[in-house]
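> Questions regarding the structure given below will be posed in turn.
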Amino acid sequence: MVQAKIYYDADADLGLLSGKTIVFLGFGNQGSAQAQNLRDTGIPNEQIIVANRVDSYAESAKAKGFNVEHDFSKAASVADVVFILIPDQVQPRVFNEQFFPVLKSTATIVVASGYNVFFNLLKFQPGQDVVMVAPRMIGSSVRSLYEKGRGFPCFVSVEQDGTGNGWPVALALSRAIGATKQGAIASSVREETAMDLMAEQALWPNIIMMFREAFNVLQEAGCSDEALCYEMWMSKEPAEIFERAADDGFVLQLKHHSTVSQFGQLNGALKLDGTAMREHFRDILHNQVLNGKFCTAFSKIEEDLEKEGSENPLNELYRKSEEMPLVQAEKRVRARLAGLV
Ligand code: NDP
């Protein structure tokens, strides 16, 4: 069993950020939340630069009082720290072409997800620090929990300690964005990528498939669209179950259900043989995720994801998902609820 180290505010020295120029590349979900948290922690506004193209994100940063730089190379050349907070798939293009060539040789580069560092898609100089500070929360919660004086779960790691000061700086930055208040868990880009992609490519696809098939069988048995949609997800019962699981325990949340339900769920789950599923998960993890097979395939289609219509492979997947009886039924129910039929 691996027990991770957990870092708290007391482990981090904000003084290490004194006088450092901190650039936020991107002002979207995470960029906007993390930049505001960092400033509210007491990092002077004149030390912070938001690097963003001319658009509504830049306008939003300006409206919040940030210094905005549209010329990425200019921002990169003065940065002591750069938080890369643009979508993962565009990071290699933007960072390698516009930041890497001019970034200081001792700069600290911060990623919020392990993907590009684990798969060696970003370029770094040997004297630079490369750290991961990866909130396990959407940006709006990173901000709202900070504003409430609470922390949020976060992973932290140092992947390249070019200056020899990587860990203290990583912890100072984590504290500045509010990530050590609740405890930042020591992790790695390998661990973060394995867990993220495993959930995205194995766990959730199976859950979607199981909902789809349960829906199909119950529909065949004569259940109505309305009853099925509400029973299965529109009542928000599954969301509540996961909320209880986080608060009370993964299994102990069952105590909130009826006795019939508790018996049915535990008896059913313990009887199911998970061997084939475990093999399937292992296969995805090792032969699709960790060996880089998915990453290579995804890099080939990455630019197509910005295309319109059927040339965009993601649009095609959404189109195909429309064929699922579950999706068609939900459309009918939502149209009826909106009074459209
Ligand atoms: P967003 O999709 O919110 O990023 C939007 C920002 O990226 C905007 O500032 C946008 O500006 C900029 N951007 C988008 N495309 C480009 C481009 N081609 N060139 C330059 N800038 C671009 O990103 P997230 O905040 O969701 O994700 C940022 C990082 O945080 C990722 O590594 C992600 O994995 C990680 N993360 C995200 C979480 C989340 O909840 N979303 C949770 C934890 C980690 P413009 O439109 O001007 O280009």
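> Condition first: of a type in the set (Val, Ile, Thr), within 14 Å of the ligand (Cβ to nearest atom) and out of contact with any Gly (no Cβ under 6 Å at 6 or more places or on another chain). Now tell me which residues in segment 84-125 satisfy that.
Hits for segment 84-125 are Ile84, Val90, Val94, Ile109, Val110, Val111, Val117.
> Residues being out of contact with any Pro (no Cβ under 8 Å at 6 or more places or on another chain) and assigned to a strand (DSSP E or B): count how many of those fall in segment 137-154.
0
> Tally the residues that are in a loop (DSSP other than H, G, I, E, B) and either in contact (Cβ under 8 Å) with a residue 60 or more places away in the chain or surrounded by fewer than 20 Cβ atoms within 10 Å (Cβ to Cβ) (or both), restricting the search to segment 107-123.
Total satisfying the criteria: 8.
> Considering (1) buried (at least 18 other Cβ atoms within 10 Å of the Cβ); (2) modelled with pLDDT of 95 or more; (3) within 21 Å of Ile177 (Cβ to Cβ); (4) in contact with a Leu (Cβ under 8 Å, 6 or more places away or on another chain), say which one Gly151 fails and leave the rest.
Looking at each condition in turn, Gly151 falls short on (2).
> Taking Val81 and the conditions (1) within 12 Å of the ligand (Cβ to nearest atom); (2) hydrophobic (A, V, I, L, M, F, W, C); (3) closer than 22 Å to Pro44 by Cα, which numbered condition does it fall short on, given that it satisfies the others?
Answer for Val81: the failing condition is (1).
> Does at least one position in segment 63-75 carry a residue that is among the β-branched types (Val, Ile, Thr) and near the ligand (Cβ under 10 Å from one of its atoms)?
Within segment 63-75, none of the residues are among the β-branched types (Val, Ile, Thr) and near the ligand (Cβ under 10 Å from one of its atoms).
> Is at least one residue of segment 87-94 of a type in the set (A, V, I, L, M, F, W, C), in a helix (DSSP H, G or I) and within 21 Å of the chain's Cα centre (by Cα)?
There is at least one residue in segment 87-94 that is of a type in the set (A, V, I, L, M, F, W, C), in a helix (DSSP H, G or I) and within 21 Å of the chain's Cα centre (by Cα).
> For Ser60, state whether it is part of a loop (DSSP other than H, G, I, E, B), within 13 Å of the ligand (Cβ to nearest atom) and not acidic (Asp, Glu).
No.
> Within segment 139-169, how many residues are polar (S, T, N, Q) and over 21 Å from Ser32 (Cβ atoms)?
Matching residues across segment 139-169 total 4.
> Right, something else. Within segment 1-30, restricting attention to residues that are touching a Leu at 6+ places or on another chain (Cβ under 8 Å) and surrounded by fewer than 17 Cβ atoms within 10 Å (Cβ to Cβ), which residue is nearest to Gln98 (Cα to Cα)?
Gly28
> Which of the following residues is among the small types (Gly, Ala, Ser) and either on the phi > 0 side of the Ramachandran plot or surrounded by 15 or more Cβ atoms within 10 Å (Cβ to Cβ) (or both): Ala63, Ala51?
Of the residues listed, the single one that is among the small types (Gly, Ala, Ser) and either on the phi > 0 side of the Ramachandran plot or surrounded by 15 or more Cβ atoms within 10 Å (Cβ to Cβ) (or both) is Ala51.
> Regarding Val68, is this residue part of a strand (DSSP E or B) and under 20 Å from Ser174 (Cβ atoms)?
no
One line per residue, one yes/no per condition, for (1) buried (at least 17 other Cβ atoms within 10 Å of the Cβ); (2) without any contact (Cβ under 8 Å) to a residue 60 or more places away in the chain:
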{"site": "Ser56", "(1), (2)": "no, yes"}
{"site": "Glu69", "(1), (2)": "yes, yes"}
{"site": "Ala76", "(1), (2)": "yes, yes"}
{"site": "Gln91", "(1), (2)": "yes, yes"}
{"site": "Val94", "(1), (2)": "yes, no"}
{"site": "Gln98", "(1), (2)": "yes, yes"}
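The values are calculated or read from the model by the stated rules, or taken from the named source; none is laboratory data. These numbers were taken from a predicted model, which means no experiment stands behind them. Here Cβ is always computed from backbone atoms with ideal geometry, including for glycine, and neighbour counts include all displayed protein chains.
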